[in-house]
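Student: Below is one structure. I have some questions about it.
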Amino acid sequence: MTKTSFMKQSLMKKSYQALVKALGRGVKGSRSLTLEESKFLVTGFYDGYGTRAQLATSLMLMRVRGETIDEIAGVTLGIQSTISPEWKTIDASIDWPCYAGKRDMLPWLLLAAKVLAKEGERVLLHGDPHSLSHRLHIARYVASLGIPVVSSAKEAKSALDSAGICYLDADHLTPLVSVFRSLHQELGLRSLFQTAIRCVNPASAPVSLRSYFHPGLDKVHVKVARSIALFSPESKEIRVGIFKGVQGETEVNPRIATELSIVTDHGQEGFVIPTLLEGVIGITKFTSQLEIDQKQIAELFISIWQRGELISHDELIPDTQRVTQLAIASVLSSLSAIYLIKGRCQRTKVATQLALKAWKNRENKLKGLVKKPVLEER
């Protein structure tokens with residue numbers, strides 16, 4: 001190591017230590033980090049200037065105080081900067097992060113993603129099945145629908161070229177994912193990483209989805225999206241759609257009216273996706289028994305995709321008609337949101353009509369939808 005390199009490294013280590021001091025100087029002396037400092041908190045650790053102890057301490061200090069918008073945006077940009085630029089060459093049109101998983105429901109969002117791929121979209125699904133491992137992550141089910149699983153930008157581009165859709169485990173994006181996960185598991189506390197990773201758009205797709213669960217996080221995601229757009233020129237053309245997902249997952253809940261916020265460099269738009277299953281109850285936990293083999297899982301998905309209804313699984317799903325309604329309504333609600341986010345229409349009624357048409361046309365040989373329509377009157 002040259003003298004110049006040694007001096008630079010020493011200086012950067014001192015700068016990194018200063019971040020911890022800024023956060024931990026007590027009630028009167030401490031302060032929050034700026035966006036640039038928060039970005040350096042991630043990149044500095046990645047480049048070897050900060051230690052694991054310093055990173056963990058900083059995350060917990062921010063957690064106790066409550067993370068600011070700039071801190072979340074900065075960490076998001078820091079994570080993004082450690083991802084290979086090659087991912088931006090795969091030409092994804094929709095960025096679909098799925099990090100929450102579900103507690104007791106199948107991810108019907110995968111059917112919506114397949115519909116979009118058939119329409120010519122290039123859908124990049126990504127998530128972390130190793131975090132919150134007690135939940136049902138989409139990684140368990142993508143193979144059931146023939147969705148390619150990729151581990152590199154080259155594989156992703158090939159899959160998007162051939163199938164229009166692929167799934168990526170976030171561990172293949174950056175080694176930081178496993179670092180933050182292990183800190184979460186070791187400390188037993190969440191950090192702003194759980195929010196920031198959902199804001200990472202690895203391929204810089206022009207449409208990016210964000211989901212949340214806890215009240216108030218919609219405003220957080222809106223402000224974070226704005227901050228990122230202001231700081232990062234390449235984010236200015238990205239349309240970010242933000243909504244409360246089913247059990248936190250990035251799927252629109254058809255059983256309630258869902259507020260959708262769309263953030264662009266020009267401002268913010270708001271829509272309400274109407275409920276498609278008003279009054280339908282008792283089907284929330286039907287998959288509590290779904291610790292079954294992949295063949296049965298595949299049959300459930302394929303049945304909905306090919307026939308528009310579930311095949312008979314009375315011992316597994318007592319009420320197939322209501323579950324069929326839930327599955328298809330989930331697909332239509334998610335499609336409606338994405339059509340609005342893309343700017344294909346400006347009215348929810350039109351978006352619902354487009355979604356219904358797309359679902360009916362997903363396979364030329366399909367005969368129809370659900371026996372009891374829930375949409376035509378809207």
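The values are calculated or read from the model by the stated rules, or taken from the named source; none is laboratory data. Quick caveat, the model's predicted, so the values are computed rather than measured. Don't worry about glycine lacking a Cβ; one is built from the backbone with ideal geometry, like all the others, and counts go over all protein chains shown. Note: accessible area is taken over every heavy atom of the protein model, side chains too, but ligands, DNA and RNA are not part of it. Shrake-Rupley method; radii C 1.70, N 1.55, O 1.52, S 1.80 Å.
Student: Can you compute the helix-only [θ] at 222 nm over the chain? Use -39500 (n - 2.57) per DSSP H run of at least 4 residues, normalise by all residues, nearest 500 deg cm²/dmol.
Tutor: Roughly -14000 deg cm²/dmol at 222 nm, from the helical runs in the chain.
Student: Shifting gears a bit: Based on C-alpha coordinates, I'd like the Rg and Dmax of the chain, in Å.
Tutor: When restricted to the Cα atoms of the chain, Rg and Dmax are 21.7, 76 Å.
Student: Tell me which of Thr82, Gly120, Ser131 sits at the most positive position along the dipole axis of the chain, charges placed on C-beta atoms (Lys, Arg +1; Asp, Glu -1).
Tutor: Final value for the positive-end residue is Thr82.
Student: Could you tell me, in Å, what Rg and Dmax come out for the Cα atoms of segment 137-268?
Tutor: 15.9, 42
Student: Pairs of Cα atoms under 8 Å, at least six residues apart: use those to get the relative contact order of the chain, whole percent.
Tutor: 15 percent
Student: Given the protein chains as shown and a 1.4 Å probe, how many square angstrom of Leu183 are accessible, to the nearest 10?
Tutor: 10 Å²
Student: When the chain is treated as a GNM, springs tying every alpha-carbon pair under 10 Å, which of Gly216, Gly44, Gly241 comes out with the largest mean-square fluctuation?
Tutor: Gly216
Student: Sort Thr68, Thr76 by accessible area with a 1.4 Å probe, largest first.
Tutor: Descending accessible area places them as Thr68, Thr76.
Student: Could you identify which residue out of Leu277, Leu35, Leu11 has the top mean-square fluctuation in a GNM of the chain using Cα springs shorter than 10 Å?
Tutor: Largest GNM mean-square fluctuation: Leu11.
Student: Keeping all protein chains in place and using 1.4 angstrom, which order do Ser303, Ser227, Ser15 fall into by accessible surface area, from largest down? Write out the running numbers ahead of the final one.
Tutor: Numbers: Ser303 5, Ser227 25, Ser15 50 Å².
Highest to lowest solvent-accessible surface, that is Ser15, Ser227, Ser303.
Student: About its Cα centre, what dipole magnitude does segment 24-84 give when the only charges are +1 on Lys and Arg Cβ and -1 on Asp and Glu Cβ, stated in debye to the nearest 20? List each step's numbers first, then the result.
Tutor: On the way: 7 positive and 6 negative charges, 65 e Å.
Here segment 24-84 has a charge dipole of around 320 debye.
Student: Also: What distance in nm lies between label points placed 7 Å from Cα along the C-beta direction at Arg65 and Ala257?
Tutor: 3.9 nm
Student: Pairs of alpha-carbon atoms within less than 8 angstrom and 6+ residues apart define the contacts here; what relative contact order does segment 18-131 have, in percent? Provide the component values of the computation, followed by the final result.
Tutor: Working: 110 pairs, mean separation 27.9, N = 114.
Dividing the mean separation by the residue count of segment 18-131 yields 25 percent.
Student: Could you tell me the accessible area of Met7 in Å² (1.4 Å probe, neighbours in place), rounded to the nearest ten?
Tutor: 110 Å²
Student: Continuing with this model, one more query. Given that compact globular proteins tend to follow 2.2 N^0.38 Å, what is the ratio of the alpha-carbon Rg of segment 38-103 to that value?
Tutor: 1.34
Student: Convert each backbone phi in segment 235-248 into a coupling constant with the Karplus relation 6.51 cos²θ - 1.76 cosθ + 1.60 (shift: θ = phi - 60°), then list the ³J(HN,Hα) values in order as whole Hz, x for Gly and Pro.
Tutor: Taking θ as phi minus 60°, the curve returns 8, 5, 8, 8, 9, 9, x, 10, 7, 7, x, 5, 6, x Hz for segment 235-248.
Student: Next up: What does the convex hull of the alpha-carbon atoms of segment 1-148 project to on average, in nm²?
Tutor: 12.3 nm²
Student: What are the residues whose amide H is under 5 Å from the amide H of Leu136, where those residues sit 5 or more places off or on another chain and H is modelled from the backbone?
Tutor: Placed amide hydrogens put Lys102, Arg103 under 5 Å from Leu136.
Student: By a straight-distance test (C-alpha under 12 Å), which aspartates and glutamates pair with Lys349 as possible cross-link partners, with residues fewer than eight away in the same chain excluded?
Tutor: The reachable aspartates and glutamates, counting only those whose Cα sits under 12 Å from Lys349, are Glu376, Glu377.
Student: Each residue of segment 183-198 in turn: what ³J(HN,Hα) in whole Hz from Karplus with 6.51, -1.76, 1.60 and θ = phi - 60°, glycine and Pro shown as x?
Tutor: Rounded to whole hertz, the list is 5, 4, 6, 5, 8, x, 10, 6, 10, 5, 4, 4, 7, 5, 5, 6.
Student: When the dipole is taken about the Cα centre of the chain, and only Lys, Arg (+1) and Asp, Glu (-1) are charged at their Cβ, what size is it in debye, to the nearest 20?
Tutor: 780 debye
Student: For a quick check, take a GNM of the chain with Cα springs below 10 Å and name the residue from Thr250, Thr264, Thr320 with the largest mean-square fluctuation.
Tutor: Thr320
Student: If you don't mind, there's one more thing I want to ask. In Å², and per residue, what accessible area does the chain have when probed at 1.4 Å with the other protein chains present?
Tutor: 45 Å²
Student: Helix 52-65 versus the longest principal axis of the chain: what is the Cα-based angle in degrees, 0 to 90, to the nearest 10?
Tutor: 70 degrees
Student: Give the carbon-plus-sulfur fraction of the accessible surface of the chain in %, rounded to a whole number; probe 1.4 Å, heavy atoms of protein chains only.
Tutor: On the chain, the fraction of accessible area on carbon and sulfur atoms equals 52 percent.
Student: Another one. If amide hydrogens are placed 1.01 Å from N in the peptide plane, which non-local residues have theirs closer than 5 Å to the one on Arg122?
Tutor: Amide H neighbours of Arg122, under 5 Å, 5+ apart: Ser93, Ile94.
Student: Please list, in chain and number order, the residues 5+ apart from Leu260 or on another chain whose amide H is under 5 Å from its amide H, with Hs placed from the backbone.
Tutor: Sorted by chain and number, the residues that satisfy this are Phe271, Val272, Ile273.
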